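Structure, as structure tokens:
The values are calculated or read from the model by the stated rules, or taken from the named source; none is laboratory data. None of these values were measured; they are calculated from a predicted model. Note that each Cβ is placed from the backbone with ideal geometry, even for glycine, and that neighbours are counted across all protein chains shown.
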Amino acid sequence: MSTKVVVLGAGFGGLELVTRLDDVIPEQVEITLIDKSASFTFGFSKLDVMFGKRRLDEVRAPYRDITRPGIGYRQETILSIDPRTRQVVTDGGTYDTDILVVALGADYDVDATPGLAEGGYEFYSLGGAERSGSALAAFDGGAVIVSVLGPVFKCPGAPIETVLLVNDFLTSRGLRERSTIQLTSPLPMPIPISKATSAALQALLDAAGIECSFSTMVTRLDPKARTAHLNDGRALPYDLFLGIPVHCAPDVVRASEIAEDGWIPVDPATFETKFPGVFAVGDVTSAPVPRAGGMAEREAATVADVLIARLTGGAAPPPFDGAAACYVETGAESVARIDVNFLAYDVPVAKFNTPTAELVAEKHTWGTSRLTRWFGYDDADDRI
């Protein structure tokens, strides 16, 4: 009999996992992929929407396009997760599983920062990116603040590329000279694991005239006074506030026994939880690696290798090494790449690859290869 594998969440982790299992052991697994959304979107595509390069309908990949017969997709909302019995209840039914993988990502708590909803814009959701884009299009110059509003957030490079793209955007419209751009972040430096990489990114920020306040965080906005209040006592005036909202695990995860301190703890070597046969990957975990799409994909590949070995009687795969690559748009049609490795050495390491036009093409190919692999698109080049 086939092993019932149910994967909750169809982001980078979920898509890579089900694709790899279907590639290698299709006859041995019955795969169900469940997500409340109808489509997948790359995180970097939200910036394309925000800066007017793409429309929402152009960056969505509908899950109905997945043509692999071995993968059953269900658009349903998860209502409860019982990790002891590996049972999942959704608004569409009940699933009893042999293997359960939670890849539900992180949600955004806009209300955790008072005044954000009334006086600023979050740009991490698709709707938020579109609203932020409208605000940018109507912006006539002034003080712009881009702020990381919580200690945990997706894609450590995103705030850096956002302020650099704001710089490009304002420059192209002749608004830069009468505008200021400021970045606030609770991180001590752009990429905390590497002083050299942080220095390279800081040089780009300095060259663009972007002021940075690291090791600090905006605690609230005053929409009437148009000021952002920081935890160090300062109040910064702004005309446009763009925030990366506080992140949290989905409610259904936090209500389950699988969560501890708000996230899912896992064995970082295999991503199995303390419940046998239950795994978790991606932004929903408390694994000692960054929350990023490329990292979630690598985690899912590790889980796939673990499951393939167990179901075929093969040798256990090597432990997850915490390696991934992060592309960072730096403006002026250039992209940098940061290669990181969090677990293979005594300390995490990062290498900075200087922004080039060639890396623009590499990032594009990276994205199209995923769409082709996961969705079977022949026209992936036109979808990014």
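Okay, here's what the table says:
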read-out	value
Options Asp82, Asp109: the member that is touching a Cys at 6+ places or on another chain (Cβ under 6 Å) and in contact (Cβ under 8 Å) with a residue 60 or more places away in the chain	Asp109
Output for the range 18-54, where each listed residue is out of contact with any helix residue (DSSP H, G or I) (no Cβ under 7 Å at 6 or more places or on another chain), part of a loop (DSSP other than H, G, I, E, B) and surrounded by fewer than 16 Cβ atoms within 10 Å (Cβ to Cβ)	Pro26, Glu27, Ser37, Lys53
Looking only at the range 256-302, and only at residues there that are of a type in the set (A, V, I, L, M) and part of a loop (DSSP other than H, G, I, E, B), the one that is surrounded by the most Cβ atoms within 10 Å (Cβ to Cβ)	Val281
Selection count where residues are in contact (Cβ under 8 Å) with a residue 24 or more places away in the chain and within 22 Å of the chain's Cα centre (by Cα), scope the range 193-215	6
Residue list for the range 321-348, filter: buried (at least 17 other Cβ atoms within 10 Å of the Cβ) and either more than 13 Å from Gly294 (Cβ to Cβ) or of a type in the set (Val, Ile, Thr) (or both)	Val328, Glu329, Thr330, Gly331, Ser334, Val335, Ala336, Ile338, Val340, Pro348
Subset tally (residues that are among the polar types (S, T, N, Q) and assigned to a loop (DSSP other than H, G, I, E, B)) for the range 1-17	1
Strands (runs of 3 or more DSSP E) enclosed by the range 90-180 - at least 2 residues per element that are in the same structural domain as Met295 (by TED's automatic domain parsing) and of a type in the set (A, V, I, L, M, F, W, C)	99-102
Thr94 being at pLDDT 95 or above, out of contact with any Asp or Glu (no Cβ under 8 Å at 6 or more places or on another chain) and loosely packed, with under 15 Cβ neighbours inside 10 Å	yes
